[in-house]
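The values are calculated or read from the model by the stated rules, or taken from the named source; none is laboratory data. All of these numbers come straight from a predicted model, not from anything done at the bench. Reconstructed Cβ throughout: ideal geometry from the backbone, glycine too, with neighbour counts over all protein chains shown. What goes into the accessible areas is simple: the full protein's heavy atoms, side chains included, and nothing from ligands, DNA or RNA. Shrake-Rupley method; radii C 1.70, N 1.55, O 1.52, S 1.80 Å.
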Amino acid sequence: MAHDDCIFCKIIDGSIPSEKIYEDSDVVAFLDINPTRPGHALVVPREHTKDFISSDPALLSRAIAGVQKVAGKVMSAMDADGFVLAALNGPAAGQEVFHLHFHVIPRKEGDGALIGFGPKTPYKEGEIAEVADKIRAAG
Ligand code: AMP
């Protein structure tokens, strides 16, 4: 069901304009108005769901099929060398719109776009095993 206060629900129903680039029965894809690179697309399930972790796996599976189609179209149209696929989950991860969406960001060799994991730090002695144990034991 559409949420009245959700900007992506409004884009899906057409009450807010967007540059739609693909749609099927499960997803709508449109260009991000504030792109990291030209062609940066957002693939959004039609059904309102807050984020990845709270979504029905069947919905995710259908949405990912749409993501794959959009990624192929963006790669080809933008003559990209690669692309980044991202879904930000929660404010701590930078999520701003709480309707599940996947970013498809085309990349060119040497384009200088700042997308990545930031500085990486090796684990301290024994720490990797502790972290792995904790995650294996989690529900
Ligand atoms: P996130 O931080 O993953 O929640 O990303 C939300 C994205 O939605 C941002 O990259 C915004 O630039 C984009 N965005 C917000 N409003 C619109 C809009 N009206 N049309 C297209 N993209 C939008």
Worksheet item: When region 21-33 is examined, which residues are found to be of a type outside the set (V, I, T), within 14 Å of the ligand (Cβ to nearest atom), under 18 Å from C6 (Cβ atoms) and surrounded by fewer than 21 Cβ atoms within 10 Å (Cβ to Cβ)?
Response: D32
Worksheet, complete the sentence: In region 1-37, anything under 16 Å from the mean Cα position of the chain (by Cα) and assigned to a loop (DSSP other than H, G, I, E, B) is listed as D26, D32, I33, N34, P35, T36, R37
Discussion item. I'd like to verify a number: residues in region 74-114 that are part of a helix (DSSP H, G or I) and crowded, with 16+ Cβ neighbours inside 10 Å, how many?
Written reply: 2
Response to the item:
If we keep only residues of region 116-137 that are open to solvent by less than 60 Å² (accessible area, probe 1.4 Å) and in a loop (DSSP other than H, G, I, E, B), then the residue nearest to K73 (Cα to Cα) is G118
Worksheet item: Hey, among P38, P17, which residue is of a type outside the set (K, R), modelled with pLDDT of 95 or more, within 22 Å of I115 (Cα to Cα) and open to solvent by 50 Å² or more (accessible area, probe 1.4 Å)?
Response: P38
Worksheet entry | Breaking point among (1) in a loop (DSSP other than H, G, I, E, B); (2) within 16 Å of A86 (Cα to Cα), for S54 | (2)
Worksheet item: K10: out of contact with any strand residue (DSSP E or B) (no Cβ under 9 Å at 6 or more places or on another chain) and either more than 25 Å from L114 (Cα to Cα) or not hydrophobic (A, V, I, L, M, F, W, C) (or both), yes or no?
Response: yes
Worksheet item: Could you give every pair whose Cβ atoms fall below 8 Å, whose first residue belongs to region 11-30 and is under 11 Å from G66 (Cβ atoms), and whose second residue is of a type in the set (D, E, K, R) and part of a strand (DSSP E or B), counting only separations of at least 6 or pairs across chains?
Response: V28/K20; A29/K20; A29/E23
